[in-house]
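Chemist: If you scroll down you'll find the structure; I have some questions about it.
The values are calculated or read from the model by the stated rules, or taken from the named source; none is laboratory data. Fair warning: this is a prediction, and the values are worked out from it, not measured in the lab. Glycine gets a Cβ as well: all are built from the backbone with ideal geometry, and neighbour counts include every protein chain shown. Calculation scope for accessible area: heavy atoms of the full protein, side chains included, ligands and nucleic acids excluded. Shrake-Rupley method; radii C 1.70, N 1.55, O 1.52, S 1.80 Å.
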Amino acid sequence: MTQRKAHIERNSTETQIKAELNIDGTGKTHIKTPIKILDHMLELFAFHGCFDLTIDVTKADTEIDIHHTNEDIGIVLGKVFKKALGEKEGIRRFGSAFAPMESTLGRTVVDISGRGYLTLQIGDPGLPIQEIKDQEDYAITYLEHFLESFAHALGATLHVGISQPSEDLHTNIETVFKSLGLALDSATQIDPRRQGQVPSTKGIID
Ligand SMILES: [Mn+2]
């Protein structure tokens with residue numbers, strides 16, 4: 001099998017970010033961003049997805065707030081996965097996973113379809129979204145924005161949910177990042193029955 005690795009660098013007037021990925025890794029990470037809670041979440045994501053992942057934010061305009069940096073890390077993560085997947089020959093394409101943490105249950109369903117789309121559902125049953133406290137300069141709205149940027153840059157349909165959300169933001173987003181890692185690991189695995197074919201009746205996923 002060809003190595004499914006990629007390296008990208010994205011430089012804007014707002015941020016400069018480098019990323020390196022080996023999809024068929026063992027979960028080794030080197031994550032360095034100005035958003036410490038996001039470092040923790042990306043480490044969990046890569047560890048449970050068995051991805052070797054480096055993300056290095058060398059410039060960020062966090063003196064304004066974390067909006068651009070959070071968004072741009074999502075974009076870079078999506079781009080590095082898209083590049084490492086190449087033409088997407090032989091991949092399972094669909095993946096889904098649950099990750100519980102205490103009473104909270106995170107879930108992710110992903111289709112690497114070529115089309116970027118995110119839906120984030122919180123509740124059913126549970127706490128109203130406004131009851132989830134912001135924490136460590138992070139918030140549910142940042143999570144949503146991060147996932148949306150990632151889904152669009154990767155070209156994937158993402159359905160993410162948090163059932164019985166906790167008041168604690170950290171718990172909620174941890175279930176999301178773990179389930180995202182697990183679901184993306186499934187979706188990017190090679191199905192030997194495909195024998196290198198792109199898993200779409202269209203013959204391409206672009
Ligand atoms: Mn944690």
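Chemist: Is there any pair linking a residue in the range 60-77 that is within 14 Å of Y138 (Cα to Cα) to one that is modelled with pLDDT under 95, with Cβ under 7 Å and at least six apart or on different chains, and which?
Modeler: Every condition considered, the pairs that remain are I66/D137; T69/T62.
Chemist: Can you name the residue in the range 36-51 that is open to solvent by 20 Å² or more (accessible area, probe 1.4 Å) and in contact with a strand residue (DSSP E or B) (Cβ under 7 Å, 6 or more places away or on another chain) and is also farthest from D185 (Cα to Cα) among such residues?
Modeler: Applying the first criterion (open to solvent by 20 Å² or more (accessible area, probe 1.4 Å)) to the range 36-51 yields 36, 40, 43-44, 47-48, 50.
Narrowing further to those that are in contact with a strand residue (DSSP E or B) (Cβ under 7 Å, 6 or more places away or on another chain): 43, 47.
On the way: E43: 14, F47: 10 Å.
Only one residue tops the list, namely E43.
Chemist: Also, quick follow-up: Could you list, in sequence order, the residues of the range 34-87 that are within 16 Å of the ligand (Cβ to nearest atom), within 23 Å of T13 (Cα to Cα) and not acidic (D, E)?
Modeler: Residues satisfying the conditions are I35, K36, L38.
Chemist: Oh, and also: Just one of (1) outside any loop (DSSP other than H, G, I, E, B); (2) modelled with pLDDT under 95 trips up L127, so point out which.
Modeler: Of everything listed in (1) outside any loop (DSSP other than H, G, I, E, B); (2) modelled with pLDDT under 95, L127 misses just condition (1).
Chemist: L143 - would you say it is open to solvent by less than 50 Å² (accessible area, probe 1.4 Å), assigned to a helix (DSSP H, G or I) and within 16 Å of the ligand (Cβ to nearest atom)? Before you say what the answer is, go through the steps one by one.
Modeler: Numbers: open to solvent by less than 50 Å² (accessible area, probe 1.4 Å): yes; assigned to a helix (DSSP H, G or I): yes; within 16 Å of the ligand (Cβ to nearest atom): yes.
Against the criterion (open to solvent by less than 50 Å² (accessible area, probe 1.4 Å), assigned to a helix (DSSP H, G or I) and within 16 Å of the ligand (Cβ to nearest atom)), L143 qualifies.
Chemist: Go through T69, T58, T62 for me and flag whichever is part of a loop (DSSP other than H, G, I, E, B) and among the β-branched types (V, I, T).
Modeler: Values: T69 fails: part of a loop (DSSP other than H, G, I, E, B); T58 fails: part of a loop (DSSP other than H, G, I, E, B).
Only one candidate passes the filter, namely T62.
Chemist: Pull out all pairs, ordered by first then second residue, where Cβ-Cβ is under 6 Å, the residues are six or more apart or on different chains, the first lies in the range 195-206 and is in contact (Cβ under 8 Å) with a residue 24 or more places away in the chain and part of a loop (DSSP other than H, G, I, E, B), and the second is open to solvent by 90 Å² or more (accessible area, probe 1.4 Å) and aliphatic (A, V, I, L, M).
Modeler: Here the result reads V198/I204, each pair linking the range 195-206 to a residue that is open to solvent by 90 Å² or more (accessible area, probe 1.4 Å) and aliphatic (A, V, I, L, M).
Chemist: Only one residue in T2, T54, T58 is open to solvent by 40 Å² or more (accessible area, probe 1.4 Å), of a type in the set (S, T, N, Q) and modelled with pLDDT under 95. Which one? Break it down into steps so the answer makes sense when it comes.
Modeler: Numbers: T54 fails: modelled with pLDDT under 95; T58 fails: modelled with pLDDT under 95.
Being open to solvent by 40 Å² or more (accessible area, probe 1.4 Å), of a type in the set (S, T, N, Q) and modelled with pLDDT under 95 holds for just one of T2, T54, T58, which is T2.
Chemist: Could you check how many residues of the range 161-184 are closer than 10 Å to V109 by Cα and either crowded, with 24+ Cβ neighbours inside 10 Å or within 13 Å of the ligand (Cβ to nearest atom) (or both)?
Modeler: 4
Chemist: Further question on the same structure: Return the total of residues in the range 61-82 being polar (S, T, N, Q) and open to solvent by 30 Å² or more (accessible area, probe 1.4 Å).
Modeler: 1
Chemist: Yes or no: the range 154-164 includes at least one residue that is over 18 Å from L77 (Cβ atoms) and in contact with a helix residue (DSSP H, G or I) (Cβ under 7 Å, 6 or more places away or on another chain).
Modeler: The answer is yes; a qualifying residue exists.
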